[in-house]
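Computed from the coordinates by the stated procedures, all read-outs in this text should not be read as laboratory data. It should be emphasised that the depicted structure is a prediction, and the values quoted were computed from it without experimental measurement. For neighbour counting, all protein chains shown are included, and Cβ atoms are generated from backbone atoms with ideal geometry for every residue, glycine included.
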Amino acid sequence: MKFLIDTANVEEIRQIHEWGVLAGVTTNPSLVAKEGRDFIETLKEIIDIVDGPISAEVISTDAKGMIEEGEKLASLSKNIVIKIPMTEEGLKAVKHFKKQKIRTNVTLIFNANQALLAARAGATYVSPFVGRLDDIGQDGLRLISEISEIFAVHGIETEIIAASVRHPVHVTEAARRGAEFATIPFKVFKQLLVHPLTESGLQKFLADWASMKKE
Ligand code: E4P
């Protein structure tokens with residue numbers, strides 16, 4: 001499983017990119033609004049940092065509008081992936097972009113049938129929202145397993161992005177269950193790398209080394 005960062009904050013992207021683990025970026029209208037900056041300018045800065053898929057979401061709700069918006073966004077870079085909501089109009093737009101060889105990420109996926117429809121319409125990626133399902137008392141990770149199984153059984157090449165990731169267990173389990181990507185908030189990236197025994201082990205190594213030099 002590869003790592004994407006789920007943010008529109010350029011500084012967060014820069015920091016995780018420095019770790020050498022970042023395969024790409026996902027944004028959504030809420031994340032962009034949170035930063036309060038121009039969307040296109042933000043995307044241009046992200047494009048300069050990350051050489052990998054960068055999902056940029058359309059806000060139109062009709063296929064024609066999604067196509068117009070998506071074509072403008074796609075003209076920014078070959079790395080831009082058009083993020084499209086899982087709706088009837090969204091599927092029409094996905095079909096169009098497939099013909100244009102423009103990659104799409106179908107977002108707001110909450111069941112396996114939605115994922116299968118998106119895949120058959122030509123989506124490059126589907127984004128099942130794990131955390132938001134957990135929030136309403138459903139098993140978000142189980143959805144990753146279901147989609148993964150269905151895509152494998154039917155030889156579907158659409159890739160799974162585990163989205164709405166809230167904590168490190170979501171990351172481990174998404175990887176175990178076959179998601180090709182997880183899109184992870186900055187805070188969760190920071191949680192992934194820490195373990196109390198790593199920290200205490202390092203302190204002990206350094207203390208032992210310092211005591212040896214004194215002898
Ligand atoms: C998916 O690509 C979305 O940007 C994101 O993962 C949504 O996460 P949330 O449920 O934490 O808002």
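Seen through its C-alpha gyration tensor, with square-root eigenvalues sorted a ≥ b ≥ c, region 156-215 comes out prolate because a/c lies at 1.5 or above while a/b is bigger than b/c. Taking trypsin sites (Lys or Arg not before Pro) in DSSP loop conformation with at most 15 other Cβ atoms inside 10 Å as exposed sites, the chain has its longest uninterrupted site-free stretch at 102-215.
Only DSSP H runs of four or more residues enter the estimate; each adds -39500 (n - 2.57), and after division by the residues of the chain the mean residue ellipticity at 222 nm equals -16000 deg cm²/dmol.
For Ile136 and Val194, the FRET efficiency from 1/(1 + (r/R0)^6), where r spans their Cβ atoms and R0 equals 35 Å, is about 0.75.
Give me the base-10 log of I(q)/I(0) for region 79-155 at each q in 0.12 Å⁻¹, Debye formula, one uniform scatterer per Cα, rounded to two decimals. Debye curve over Cα of region 79-155, log10 I(q)/I(0) at q = 0.12 Å⁻¹: -0.32. GNM on the chain, alpha-carbon springs under 10 angstrom: the most fluctuating residue among Pro185, Pro128, Pro196 is Pro196.
Its Cα gyration tensor gives region 1-146 an equivalent ellipsoid. The semi-axes, each the square root of 5 times an eigenvalue, are 23, 20, 14 Å from largest down. Here Glu157 and Ser77 are evaluated by their C-beta separation; at R0 = 22 Å the FRET efficiency comes out at 0.45. Shown for Leu76, Leu116: other C-beta atoms within 10 Å of each C-beta, ranked fewest to most, produce the order Leu76, Leu116.
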